[in-house]
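Below is one structure, written out as structure tokens, with a few remarks after it.
Since every read-out is calculated from the coordinates, none of them should be taken as a lab result. Here the structure is a predicted model, which means the values were calculated and not measured. Every residue, glycine among them, receives a Cβ derived from its backbone with ideal geometry; neighbour counts consider all protein chains shown.
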Amino acid sequence: MHGRLVESVRTVASDRHKLIVLLGDFGSGKTALLKEVASDLDAVYVNLNLRLAERLLTTPRSQYDDGVASNQIIDELCDELTPDGRPLLVDNVELLFSPELGKINPVDTFMKASRQRPVVLALPARRQGAYAEYSAIGRDDAMLMSLEELTVLQMG
């Protein structure tokens, strides 16, 4: 999988949207893989839950519960972490599915960021046809995300 991911990042580097979705269940090895390929790609690894939580602690909830402020914070983080266009490896995104943040669609959010740099988005989700399914349908944090026209790699 290491070689496939490195090659995929290099392949999408010239695309308009440079987003790669890495799918896998919790504990499938997504984090280890991202950390392993970071040096090969001269990429920046980010634990999004940690970075986003740090920013949100100083922001009143009323300012981010619609998802707009959270998306702006994510855009700022991407620009801060890779202003030079190096690949960004995004891991631990579970916070984005929180109803308190407005249930942000990570694929849509990082599609925008992927115009400026290659982005590998690790999603703890299952593939359901042309969609990624996070959690279980019927739960508050459940979400279906379209994978159409995206580069998708699946762990396991």
Give, as ranges by residue number, the residues of region 24-49 whose backbone N falls under 15 Å from the point 7 Å along Cα→Cβ of Gln116. 44
What does the convex hull of the Cα atoms come to per residue for the chain, in Å³? 103 Å³
Ranking request for peptides 44-54, 119-129: highest mean number of other beta-carbon atoms within 10 Å first, then the rest in descending order. 119-129, 44-54
Highest mean first, what order results for 2-15, 95-108 on Cβ atoms within 10 Å? 95-108, 2-15
Which distance in nm do the two modelled labels at Ala142 and Asn47 give, with both placed 7 Å along the Cα-to-Cβ direction? 3.0 nm
